[in-house]
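First the structure, in the form of structure tokens, and then the observations on it.
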Amino acid sequence: MEKLVIEGGNPLHGTIRVSGSKNAALPILLASLLCSETVTLTNVPNLRDITTSFKLLELLGCKIERAEGTAKITPVTLQPEAPYELVKTMRASVLCLGPLLARLGQADVALPGGCAIGARPVDLHLKALERMGAEFSLDSGYIRGRCGKLQGAKISFEFPTVGGTENLLMAASLAKGTTVLENAAREPEIVDLAKFLIAMGAKISGHGTSVITIEGVEKLHACEYKIMPDRIEAGTFIIAAAMTDGELLVEDCPTESLEGLLVVLQEMGVYTEEKETGLLVRRATNLLYATDITTQPFPGFPTDMQAQVMSLMCCATGAGSIDEKIFENRFMHVQELVRLGADIKLKGSTAIIRGVTHLTGAPVMASDLRASASLILAGLVAHGETEVERIYHLDRGYEAIEKKLSAVGAKIARVSS
Ligand code: UD1
């Protein structure tokens, strides 16, 4: 097993580039199942979840050619089963439900099961697909979906689920007639998926708003598409610059999709300026200030930045709070930050954070993807050495993070434990 060893106390300076977005790439890769011709994707990040998606696509009957940052995917002979061995390592595998039902009228997808950040059911995906004519049963740990040609429908989500909206966008693209998704998720990754589907010939409007209209078409065609940059990776670098009291130019930064985060960071004393090639970040003043945050669906403050901003708040002046409204049980990083000397109290879904004069390095354990990032951030400013174990979580979603951070002045190394 590998771990990261970080020697804290080095301000980051220089230029750091953002990779392609994991959460946009995953649905886009699976959406290529909808096309019978070859799609070419660029800016594909090199991550474990992406490798898992390629394995899944191959099992489902696609031919894949991969080169640095590029993938050509050709669905050849599709088959309907997504096995547990893959689904259990990547919950987003459930996004093949919509495309498989649309193409084959059949999908047998292992039920994802519990995950570290809460129960995360897929009931809203299934209810919405049922409105389009699919029928589901649960058998031997598998969701078994069957349908004739999917029918357009008016669907109103109880909650703007990201994955649910994506599954429905994909299914509706090849359905008969018009589908209207109300209370749809508005995340930038949904807009990216919609743009990819449109590039393949889908008829979609309203993406980026809470009402999306999809007119089904007979078939989708080959296209070339560049995946958007990763807003969560960008946000993590922005926080790293402010926390270490350095200055970074975050290249390829999807600034327009970071509003909910940037508003909060500005309140906390972070200065950002748009430059031609990216976003320049440093502290506005010597001190950082605590604030109160509630995680919300886009365009609100993203739950995927909650752990990282908590680390930032540990270094701020005064007390602030974070109310986690999207996932239950997404505070597993709290006890690890406390091991580094943070002052954090949990009360239900709210964490109260009091800034401390300094954090002190210690061995810590990563519990999920974004928690891993928060521990690295804390390690970058802690006095002495921090060891972050279980970094396989990190490798699911951050491309070569230790290399990128080393290149701008961090003392961080990957070692075998
Ligand atoms: C996606 C992102 C994840 C991000 C999350 C919220 C990907 C691969 N993952 O996850 O990084 O943290 O959006 O921005 O893009 N829910 C139900 N029933 C459902 C579906 C969801 O109860 O059928 C609940 C979930 O348990 C969770 C909340 O709704 O509490 C949000 O889930 P959702 O928006 O669907 O997130 P994901 O697509 O799983």
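Worth a mention:
- Tally of residues being closer than 22 Å to Val180 by Cβ and of a type in the set (Lys, Arg) across segment 124-160: 4
- When residues of segment 68-85 are limited to those that are among the hydroxyl-bearing types (Ser, Thr, Tyr) and not in a loop (DSSP other than H, G, I, E, B), the one most open to solvent (accessible area, probe 1.4 Å): Tyr84
- Test set (1) in contact with a Cys (Cβ under 9 Å, 6 or more places away or on another chain); (2) more than 25 Å from Thr255 (Cα to Cα) - Arg66 fails condition number: (1)
- Residue in segment 300-334 that is most open to solvent (accessible area, probe 1.4 Å), counting only those that are farther than 18 Å from Ser372 by Cβ and either of a type in the set (Asp, Glu) or assigned to a strand (DSSP E or B) (or both): Glu328
- Inspection of segment 265-280 identifies no residue that is of a type in the set (S, T, N, Q) and under 20 Å from Val334 (Cα atoms).
- Screening segment 19-67 for residues that are assigned to a loop (DSSP other than H, G, I, E, B), closer than 19 Å to Leu86 by Cα and more than 15 Å from the ligand (Cβ to nearest atom) and picking the one that is most open to solvent (accessible area, probe 1.4 Å) gives Asn46.
- Count of residues meeting criterion [touching a helix residue (DSSP H, G or I) at 6+ places or on another chain (Cβ under 9 Å) and either within 13 Å of the ligand (Cβ to nearest atom) or without any contact (Cβ under 8 Å) to a residue 24 or more places away in the chain (or both)] in segment 136-169: 15
- Selection status of Val388, among the aliphatic types (A, V, I, L, M), buried (at least 16 other Cβ atoms within 10 Å of the Cβ) and not in a helix (DSSP H, G or I): yes
- All helices (runs of 4 or more DSSP H) inside segment 86-189 with 2 or more residues being open to solvent by 30 Å² or more (accessible area, probe 1.4 Å): 97-104, 123-131
- Meets criteria (out of contact with any Leu (no Cβ under 7 Å at 6 or more places or on another chain), at positive phi and within 15 Å of the ligand (Cβ to nearest atom)) for Arg120: yes
- Verdict on Lys347 being within 16 Å of the ligand (Cβ to nearest atom) and either over 24 Å from Leu249 (Cα atoms) or at pLDDT 95 or above (or both): no
- Exclusive hit being within 16 Å of the ligand (Cβ to nearest atom) and closer than 27 Å to Gly20 by Cβ, set Phe301, Phe331: Phe301
- For Leu174, the criteria (1) within 24 Å of the chain's Cα centre (by Cα); (2) away from the ligand (no atom under 13 Å from the Cβ) hold in every case but one, which is (1).
- Per-region count, segment 391-417, residues in a loop (DSSP other than H, G, I, E, B) and either of a type in the set (S, T, N, Q) or crowded, with 18+ Cβ neighbours inside 10 Å (or both): 8
- Consider segment 9-18 and keep the residues that are part of a loop (DSSP other than H, G, I, E, B) and out of contact with any Gly (no Cβ under 6 Å at 6 or more places or on another chain). The one that is farthest from the ligand (Cβ to nearest atom) is Gly9.
- Strands (runs of 3 or more DSSP E) (entirely within segment 207-289) containing at least 3 residues that are surrounded by fewer than 23 Cβ atoms within 10 Å (Cβ to Cβ) and in contact (Cβ under 8 Å) with a residue 60 or more places away in the chain: 223-226, 247-251
- Residue among Leu86, Leu138, Leu78 that is in contact with a Lys or Arg (Cβ under 7 Å, 6 or more places away or on another chain) and modelled with pLDDT under 95: Leu86
- Hey, Ser53 out of contact with any Asp or Glu (no Cβ under 9 Å at 6 or more places or on another chain) and over 30 Å from Leu248 (Cβ atoms) or not: no
- Residue in segment 370-377 that is open to solvent by less than 10 Å² (accessible area, probe 1.4 Å), away from the ligand (no atom under 16 Å from the Cβ) and either part of a strand (DSSP E or B) or over 20 Å from Ser321 (Cβ atoms) (or both) present: yes
- Check on Ala172, under 17 Å from Leu34 (Cβ atoms), in contact (Cβ under 8 Å) with a residue 40 or more places away in the chain and touching a Ser or Thr at 6+ places or on another chain (Cβ under 6 Å): yes
The values are calculated or read from the model by the stated rules, or taken from the named source; none is laboratory data. All figures in this text were calculated on a predicted structure; none of them were measured in a lab. Neighbour counts run over all protein chains shown; Cβ positions are idealised from the backbone, glycine included. Please note that ligands, DNA and RNA were not included when accessible areas were found on the heavy atoms of the full protein model with its side chains. Shrake-Rupley method; radii C 1.70, N 1.55, O 1.52, S 1.80 Å.
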